[in-house]
């Protein structure tokens, strides 16, 4: 008897759910579809907002204060997409050319030494403390050479 009552209740619930689903003629939207709808609504709101941009703004001017002109708005500068504009690390600087010459001379010697000593390739991109001591010393010496070359360039500029 109890089982029968429970079954009937379940069947009633199922019927109600199916009735509600049949009554809802609007299809269910996926998350991406909902996101797109929201995006479109935002865009429309923004377009409407641009029309009435200065309608809601109000300056509070105290008694006796004189205003000679409205405030001048300056548009933010946008980066130009010209080919003449240099990007970081892409310019050919004097120090860079000196380093490249030194690198070519040393790279030949180092590549021969590396081939003789080991086939192991060391990743120099990580932290210095994880590198082997020899590699660390080598990087330090390169860094000192670069600093010396830079100082030499600067001093030659001041002398001229």
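Stretched out straight at 0.36 nm per residue, the stretch from residue 47 to residue 7 would grow longer than its current Cα-Cα span by 8.8 nm. Spin-label pair residue 59-residue 38: with each label point 7 Å from Cα along the Cα-Cβ axis, the two points sit 3.8 nm from one another.
Read-outs throughout are calculated quantities, based only on the coordinates presented, and are distinct from any laboratory measurement. The model shown is predicted, which means the values in this text are computed figures rather than measured ones. A quick note on method: Cβ atoms are made from the backbone with ideal geometry, for glycine too, and the neighbour counts reach across all protein chains shown.
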